[in-house]
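Undergrad: Encoded as structure tokens, here's the structure I'll be asking about.
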């Protein structure tokens, strides 16, 4: 290489290397400071696209687990209220048994009838008053065969959504809760007198018929509770599965996105040394044209 004044190619070459090493040093610094290997699309365009999809699914799965937990809370609310209805039905059975015997006269039997109807009214009150987040659970609103979510308020059976998509086999299922009012259970004077033997216990014959009607009411109520218990167990298993899915996706996202600190620290030290060396060599290269001046001066 000739000794020239106008173009110091050594300095230009060293400056180019310095810029490259400094850029690599800046990248390593960014990765170590953020903990991420992929900080922009320029770092890994395909990896960034995959990572963002995975992050969206992870967030959706975590929310899905919360949705399932909310559904469990709703089921527990309904089941707790039905536990109280259980107690009222047991009392109705006891009153019907009492009224079915012949040792009471009509006045006493009417006293029994008064409490019987009060217990039936309380069952209806509990069914109408039990709600979760403003959604009535036991009054028959959730007993519809079809779900319609096209309006501001959904109708029919309740759709519990927990997956990251909208596939019925993977992402949601329905919860149906039957009507638990006294009329639906066939007890008390709110029921249809032509169809419900549990309408009254005001006579000995009516009380004897009411015993069977109350048994049927208890069975109907138990079927609803059994369904809710099965759905709660299913939701708990769903939550476990969602958490496992989210954890595995998080691990996959980490492998794409997170920086290997040990490897990146090695690169950082390398780039730091190369940058320092380039700075020193650039200083030397910039001083070389002075040798030409010595020749001119000589």
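Undergrad: Which of the residues spanning the range 102-128 are in contact with a strand residue (DSSP E or B) (Cβ under 9 Å, 6 or more places away or on another chain) and either within 11 Å of residue 181 (Cβ to Cβ) or outside any helix (DSSP H, G or I) (or both)?
TA: 120, 123, 127, 128
Undergrad: May I ask you to verify whether residue 88 is more than 36 Å from the chain's Cα centre (by Cα) and more than 23 Å from residue 275 (Cα to Cα)?
TA: Values: more than 36 Å from the chain's Cα centre (by Cα): no; more than 23 Å from residue 275 (Cα to Cα): yes.
Criteria not met by residue 88.
Undergrad: Would you mind telling me which numbered condition in (1) closer than 26 Å to residue 188 by Cα; (2) out of contact with any strand residue (DSSP E or B) (no Cβ under 6 Å at 6 or more places or on another chain); (3) at pLDDT 95 or above residue 77 fails?
TA: Going through the list (1) closer than 26 Å to residue 188 by Cα; (2) out of contact with any strand residue (DSSP E or B) (no Cβ under 6 Å at 6 or more places or on another chain); (3) at pLDDT 95 or above, residue 77 breaks only (2).
Undergrad: With the condition being over 30 Å from residue 163 (Cβ atoms), modelled with pLDDT of 95 or more and in contact with a strand residue (DSSP E or B) (Cβ under 7 Å, 6 or more places away or on another chain), I'd like the helices (runs of 4 or more DSSP H) fully within the range 202-298 carrying at least 1 qualifying residues.
TA: 204-257
Undergrad: So residue 17 fits all but one of (1) assigned by TED's automatic domain parsing to the domain that holds residue 237; (2) farther than 24 Å from residue 261 by Cα; (3) touching a residue at least 60 places away in the same chain (Cβ under 8 Å); what number is the exception?
TA: In the conditions (1) assigned by TED's automatic domain parsing to the domain that holds residue 237; (2) farther than 24 Å from residue 261 by Cα; (3) touching a residue at least 60 places away in the same chain (Cβ under 8 Å), residue 17 misses (1) alone.
Undergrad: Yes or no: the range 34-52 includes at least one residue that is closer than 30 Å to residue 291 by Cβ, surrounded by 12 or more Cβ atoms within 10 Å (Cβ to Cβ) and modelled with pLDDT under 90.
TA: no
Undergrad: List the number of the failed condition for residue 216; all other conditions in (1) within 50 Å of the chain's Cα centre (by Cα); (2) assigned by TED's automatic domain parsing to the domain that holds residue 139; (3) buried (at least 17 other Cβ atoms within 10 Å of the Cβ) hold.
TA: Residue 216 satisfies every listed condition except (3).
The values are calculated or read from the model by the stated rules, or taken from the named source; none is laboratory data. All values derive from a computational prediction rather than experimental measurement. Ideal geometry is used to build each Cβ from the backbone, glycine not excepted, and the neighbour counts take in all protein chains shown.
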